[in-house]
Amino acid sequence: MKLKQLLIAMGALAVLPFAQSAMAHEGVELKHAEVDVTSQEQIRRGLTVFTDVCMGCHSATYVSYKGLMDYPEIALTREEVDDLREDHAMTEGLRTELSAEDAAASYGKVPPDLSLITSARHGGPNYVYSILTGFEHDPDGRIPDGNFNEYFKGNRIAMPDPLSWLDHDEADTAQLEQDAQDVAAFLAFIADPHQNQRRVIGCWVMGFLLLLTLVLWRLKVEVWKDVKKH
């Protein structure tokens, strides 16, 4: 299982430079998303936004229903997972009920799987947050409402406005921005669900290496002290 995860991670890293180069929307600075991939509260809120909104069209097949229980950053109960998965197996990934044929007929293309979206797009979670809150009226009037996005390359996006950001009431701004940041946090976490554990291990390894360096330096001093006397 670890070998499979390693191969997936290596594959994602291999295509990352090309994906970033192809998707960077030069000339438009992305918004900054307040995202904390160590916050269970934010990641859980993001999961709710994903399942209630995004999963109507998108899948995240690299994270399984069992993973929603096993990852401590999510740690749903069995009852909560059962409510989400319905008749899906625990080992299945989060998959939309929208068929590829219906998606292509409705939107002109099949919506991408979002498992690695924050790794495959320039800006990561900032890109997700910016796209979700970037729906505007086309100032030139060429692109229909709901398909013009300030942060999407070329501005014409096939995805309809999922959070109803366009023409939202000012009173709803804070909540919609929070929803966009929360789902960005969830997607940033599932793109690399072992990142927090890896950082902790990395700190221990660096501490060990520093201690080892100190010990070896003292050993070198003691050894060469006797050599210099002769």
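The values are calculated or read from the model by the stated rules, or taken from the named source; none is laboratory data. All values derive from a computational prediction rather than experimental measurement. Don't worry about glycine lacking a Cβ; one is built from the backbone with ideal geometry, like all the others, and counts go over all protein chains shown.
Looking for whichever is without any contact (Cβ under 8 Å) to a residue 60 or more places away in the chain, small (Gly, Ala, Ser) and not assigned by TED's automatic domain parsing to the domain that holds Ser119 here; the options are Gly154, Gly207. Which one fits?
Gly207 is the lone residue from the list that is without any contact (Cβ under 8 Å) to a residue 60 or more places away in the chain, small (Gly, Ala, Ser) and not assigned by TED's automatic domain parsing to the domain that holds Ser119.
Residue by residue, here is whether (1) out of contact with any Cys (no Cβ under 7 Å at 6 or more places or on another chain); (2) closer than 12 Å to Val183 by Cα; (3) not in a loop (DSSP other than H, G, I, E, B) holds:
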residue: Val37; (1), (2), (3): yes, yes, no
residue: Leu47; (1), (2), (3): yes, yes, yes
residue: Thr51; (1), (2), (3): yes, yes, yes
residue: Val63; (1), (2), (3): yes, no, yes
residue: Lys66; (1), (2), (3): yes, no, yes
residue: Met69; (1), (2), (3): yes, no, yes
residue: Ala75; (1), (2), (3): yes, no, no
residue: Glu80; (1), (2), (3): yes, no, yes
residue: His88; (1), (2), (3): yes, no, no
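Please work out if Arg95 is of a type in the set (Lys, Arg) and farther than 22 Å from Leu176 by Cα.
Considered against the rule, which asks whether it is of a type in the set (Lys, Arg) and farther than 22 Å from Leu176 by Cα, Arg95 comes out as yes.
Hey, any hits in the range 167-179 for a residue that's of a type in the set (Val, Ile, Thr), touching a strand residue (DSSP E or B) at 6+ places or on another chain (Cβ under 6 Å), part of a helix (DSSP H, G or I) and surrounded by 11 or more Cβ atoms within 10 Å (Cβ to Cβ)?
no
Being part of a helix (DSSP H, G or I), hydrophobic (A, V, I, L, M, F, W, C) and either more than 13 Å from the chain's Cα centre (by Cα) or at pLDDT 95 or above (or both) is the requirement here; does Leu211 meet it?
Taking the combined requirement at face value, the residue satisfies it.
Name the residue that is surrounded by the most Cβ atoms within 10 Å (Cβ to Cβ), counting only residues in the range 60-93 that are small (Gly, Ala, Ser) and under 22 Å from Glu41 (Cα atoms).
By that ranking, first place goes to Ala60.
Could you check the range 140-156 and list, in sequence order, the residues that are within 23 Å of the chain's Cα centre (by Cα), modelled with pLDDT of 95 or more and of a type in the set (D, E, K, R)?
Hits for the range 140-156 are Glu150, Arg156.
Among the candidates His122, His137, which residue alone is assigned to a loop (DSSP other than H, G, I, E, B) and modelled with pLDDT under 95?
Values: His137 fails: modelled with pLDDT under 95.
The conditions single out His122.
Among the residues of the range 90-109, are any under 17 Å from His58 (Cβ atoms), under 14 Å from the mean Cα position of the chain (by Cα), of a type in the set (Gly, Ala, Ser) and modelled with pLDDT of 95 or more?
no
Any residue that is within 18 Å of Gln40 (Cβ to Cβ) and not in a loop (DSSP other than H, G, I, E, B) - is there at least one of those in the range 148-166?
Narrowing the range 148-166 to residues within 18 Å of Gln40 (Cβ to Cβ): none.
No, the range 148-166 contains no residue that is within 18 Å of Gln40 (Cβ to Cβ) and not in a loop (DSSP other than H, G, I, E, B).
Applying the selection to the range 22-43, what residues are more than 17 Å from Ser119 (Cα to Cα) and either outside the structural domain of Gln181 (by TED's automatic domain parsing) or at pLDDT below 65 (or both)?
Hit for the range 22-43 is Glu26, nothing else.
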